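What follows is calculated from the coordinates using simple rules that are stated; it is not laboratory data. The model shown is predicted, which means the values in this text are computed figures rather than measured ones. Neighbour counts run over all protein chains shown; Cβ positions are idealised from the backbone, glycine included.
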Amino acid sequence: MWKGRLLIGKDELPVKMYSAAQDRTVHFRLLDRDSLSPVHQRIVRKSDGKEVPKDERRKAVPLDGGRAVLLTSEDLKELEPEDSRDIKLTRFVPTTALTEQWYEKPYYLGPEKNAKEYFALVKALSDDGVIGIARWAMRKKRYVGALAAIDGYLMMVTLRRSDQVLAVPDIQPAKAPDKKELELAERLVEASAGKFDPSAWQNEYHDRVCALIAAKAKGKVVHIKSRQRPAAKGSLADQLKRSLGSAKERKVA
């Protein structure tokens with residue numbers, strides 16, 4: 001999807017960027033109910049409902065007191081970063097330096113030319129247990145990312161900025177668990193322990209929507225049954241005991 005070059009000091013390594021995740025959202029088209037003709041949105045003035053041509057539209061940022069700052073396309077274009085293929089590695093930090101709230105979107109990086117240097121960098125990152133903090137501009141937008149070695153290849157994950165990450169809120173438990181409840185919770189964790197299997201993560205809503213679409217495409221009438229989650233009954237200890245029993249049954253199965 002994009003080509004660039006990693007800059008590490010005075011050295012550079014040409015790379016290709018690939019998507020590492022895909023959008024599986026079902027996208028709908030809007031139709032008129034009676035004619036089933038496609039419909040589209042129009043930009044109109046709220047005052048009289050008349051359509052506003054594209055060259056007469058302006059972007060504005062609202063301020064206090066009903067005021068606003070107007071920005072033109074030319075204003076915003078001047079602020080866009082210059083086109084570049086450089087991905088500059090600014091520093092290397094331990095993999096534990098970043099926690100999950102900093103990570104945003106993953107991309108694979110593959111070798112463009114010199115595969116030996118590429119895989120040497122992969123091994124160095126893996127052996128040293130570090131990730132590289134990188135900066136680059138791509139498609140009129142600036143990015144900060146973390147370069148890591150994953151499964152023998154390079155992966156770049158875009159990072160959120162510091163003003164996007166919130167501090168941990170001051171959350172206090174209503175009551176500390178007693179010894180019995182704590183022991184049950186620990187047994188529940190042990191009973192549910194197992195290997196990580198991402199294929200077990202199914203998007204149930206997405207699957208049901210796709211099944212409904214497939215059935216309707218064949219002219220079938222589908223009756224949707226609502227699912228109700230049973231209300232929790234009993235104390236926390238009782239709930240943990242039931243969860244522990246269910247976990248043991250799943251493990252046996």
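Tabulated data for the structure shown
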{"quantity": "Stretch in the chain that is longest and holds no chymotrypsin sites (Phe, Trp or Tyr not before Pro) that DSSP places in a loop and that have at most 11 other beta carbons within 10 Å", "calculated": "29-195"}
{"quantity": "Helical contribution to [θ] at 222 nm, DSSP H n ≥ 4, -39,500 (n - 2.57), averaged over the chain, rounded to 500", "calculated": "-8000 deg cm²/dmol"}
{"quantity": "³J(HN,Hα) computed for each position of the range 42-53 - Karplus, 6.51 cos²θ - 1.76 cosθ + 1.60, integer Hz, glycine/proline x", "calculated": "10, 8, 10, 6, 5, 5, 10, x, 7, 5, 9, x"}
{"quantity": "Ranked list, fewest to most other Cβ atoms within 10 Å of each Cβ, for LEU182, LEU30", "calculated": "LEU30, LEU182"}
{"quantity": "Calculated diffusion of the range 1-58, Stokes-Einstein form, Kirkwood radius summed over Cα pairs, 4 °C and 1.567 mPa s, µm²/s", "calculated": "75"}
{"quantity": "Loop-resident sites, the range 109-151, for trypsin sites (Lys or Arg not before Pro), counting at most 12 other Cβ within 10 Å (DSSP)", "calculated": "LYS113, ARG139, LYS140, LYS141"}
{"quantity": "Within the range 150-203, trypsin sites (Lys or Arg not before Pro) in DSSP loop having at most 11 other beta-carbon neighbours inside 10 Å", "calculated": "ARG161, LYS175, LYS195"}
{"quantity": "5 angstrom amide H check on SER192, placed H, neighbours 5+ away", "calculated": "none"}
{"quantity": "Förster radius 41 Å - calculated FRET efficiency between ASP55 and ASN203 (Cβ-Cβ, nearest 0.05)", "calculated": "0.45"}
{"quantity": "Extreme residue, positive dipole direction of the chain, given options ILE213, ALA191, ILE131 (C-beta unit charges)", "calculated": "ILE213"}
{"quantity": "Residues ARG24 and LYS216, FRET efficiency given R0 of 22 Å [Cβ-Cβ distance, rounded to 0.05]", "calculated": "0.70"}
{"quantity": "Residue order, fewest to most surrounding Cβ atoms within 10 angstrom, among VAL221, VAL93", "calculated": "VAL221, VAL93"}
{"quantity": "Extension reserve of the HIS223-ILE150 stretch, reckoned as 0.36 nm per residue once the Cα distance is removed", "calculated": "21.8 nm"}
{"quantity": "Whole-Hz couplings from phi, Karplus 6.51/-1.76/1.60, listed for the range 64-75; x for Gly and Pro", "calculated": "6, x, x, 8, 8, 9, 8, 10, 9, 4, 5, 4"}
{"quantity": "Footprinting exposure proxy for ILE213, ILE224, ILE131 (fewest neighbouring C-beta atoms within 10 Å first)", "calculated": "ILE224, ILE213, ILE131"}
{"quantity": "P(r) histogram, all alpha-carbon pairs of the chain included - 5 Å bins from 0, percent", "calculated": "1, 4, 7, 8, 9, 9, 10, 12, 12, 11, 9, 6, 2, 0"}
{"quantity": "Sequence-separation-based contact order of the range 1-55, relative, with Cα cut under 8 Å and 6+ spacing, percent", "calculated": "18"}
{"quantity": "For the chain: relative contact order, % (alpha-carbon pairs under 8 angstrom, 6 or more apart)", "calculated": "17"}
